[in-house]
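A.B. asks: Structure provided below as structure tokens; questions to follow.
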Amino acid sequence: GDDAATAHALGLLGGLHADLYNLEEAEALCAQAALLAERSGALQAWAIATLNRMNALLGLGRGADTLPLAQALMAQEPQLNQRAREQRCIVYADAHTACAQHATAQALLDESRGLRHQGSESLLSWTTAQVVAWVAQGQPAQARELALSWLDNPAHGTDPGSVPSEQLRLLQALSAACEALG
């Protein structure tokens, strides 16, 4: 009956559904979790639910719905776990790429790369977001080179994004880069 605990559990369950590509279920669970977390003042649970919801929305092709969520999270950044900022910047960048805000997306990806620390490198997540961003920016050759480089030597580290859905997303972005190159 504790709203904060329920919100945390629902946000994590929604994230699992997103990883399994059950995107509509993921989005619904995370939206419910975010409301409960907000109502109970559970900032960290709200942040997790909102990030997982953004990932589901991006997978559903609803990128425009992610920008207000990214902005709300970014406004709370000083209160969030700073060790996880590297990963959050990647999701923020995805939201900005989806809304054609390329300069902001690239700055967030650059910041994420600068925040990497041993034992917590979001290498697949960052690579995928960078490939998607370069395709959107009309730089398919760079995107293809980076994607192939990662596929040739997948340095997984402890990336929480090393899940089949993220690998699929990288392959889809690589396909788009190859198509753009003819």
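A.B. asks: Taking amide H positions as placed in the peptide plane 1.01 Å from N, state which residues far from L60 in sequence (5 or more) or on other chains have amide H under 5 Å from it.
C.D. replies: none
A.B. asks: A further question follows. Please report the relative contact order for the chain, taking Cα pairs under 8 Å with a sequence separation of at least 6, and give it as a percent rounded to a whole number.
C.D. replies: Once normalised by length, the contact order is 17 percent.
A.B. asks: While we're here: Can you check what the net charge comes to around G61, using other residues whose Cβ is under 14 Å from the Cβ of G61 (Lys, Arg +1; Asp, Glu -1)?
C.D. replies: So the environment of G61 carries a net charge of -2.
A.B. asks: Before rounding to the nearest 500, sum -39500 (n - 2.57) across all DSSP H runs of length at least 4 in the chain and divide by the residue total; then give [θ] at 222 nm in deg cm²/dmol. Mind showing how you got there, number by number?
C.D. replies: Numbers: 9 runs with 133 residues, N = 182.
Dividing the helical sum by the residues of the chain leaves -24000 deg cm²/dmol.
A.B. asks: Another question, then. Among A42, A105, A129, which one shows the highest mean-square fluctuation when the chain is modelled as a Gaussian network with alpha-carbon springs under 10 Å?
C.D. replies: In this elastic network of the chain, the residue with the biggest mean-square fluctuation among A42, A105, A129 is A42.
A.B. asks: Using the Karplus curve 6.51 cos²θ - 1.76 cosθ + 1.60 with θ = phi - 60°, what ³J(HN,Hα) values do you get for each residue of region 86-103, in whole Hz, with x for Gly and Pro?
C.D. replies: Along region 86-103, the couplings run 3, 6, 4, 4, 5, 5, 4, 4, 4, 5, 5, 4, 4, 9, 6, 9, 5, 5 Hz.
A.B. asks: Now a separate question. Can you quote the Å³ per residue value for the convex hull of the Cα atoms in region 16-152, rounded to an integer?
C.D. replies: Spelled out: Cα convex hull of region 16-152, divided by residues, is 111 Å³.
A.B. asks: So if we plug the beta-carbon distance of R116 and E179 into 1/(1 + (r/R0)^6) with R0 = 30 Å, what FRET efficiency do we get, rounded to 0.05?
C.D. replies: Between R116 and E179 the formula returns 0.50.
A.B. asks: Under a Cβ-only charge scheme (Lys and Arg +1, Asp and Glu -1), can you give me the dipole magnitude of the chain about the Cα centre, in debye to the nearest 20?
C.D. replies: Working: 10 positive and 19 negative charges, 48 e Å.
For the chain, the charge dipole is close to 220 debye.
A.B. asks: Arrange the residues R144, R85, R39, R116 by how much accessible surface each exposes, largest first, with a 1.4 angstrom probe.
C.D. replies: From most accessible down to least: R39, R144, R116, R85.
A.B. asks: Moving to a separate point now. Please report the carbon-and-sulfur percent of the accessible area for the chain; probe 1.4 Å, protein heavy atoms only, DNA, RNA and ligands left out.
C.D. replies: 54 percent
The values are calculated or read from the model by the stated rules, or taken from the named source; none is laboratory data. Bear in mind that the values here come from a model prediction, so they are computed numbers and not experimental data. Cβ: placed from backbone, ideal geometry, glycine included. Neighbour counts: every protein chain shown. For accessibility, only protein heavy atoms count, side chains too; no ligands or nucleic acids. Shrake-Rupley method; radii C 1.70, N 1.55, O 1.52, S 1.80 Å.
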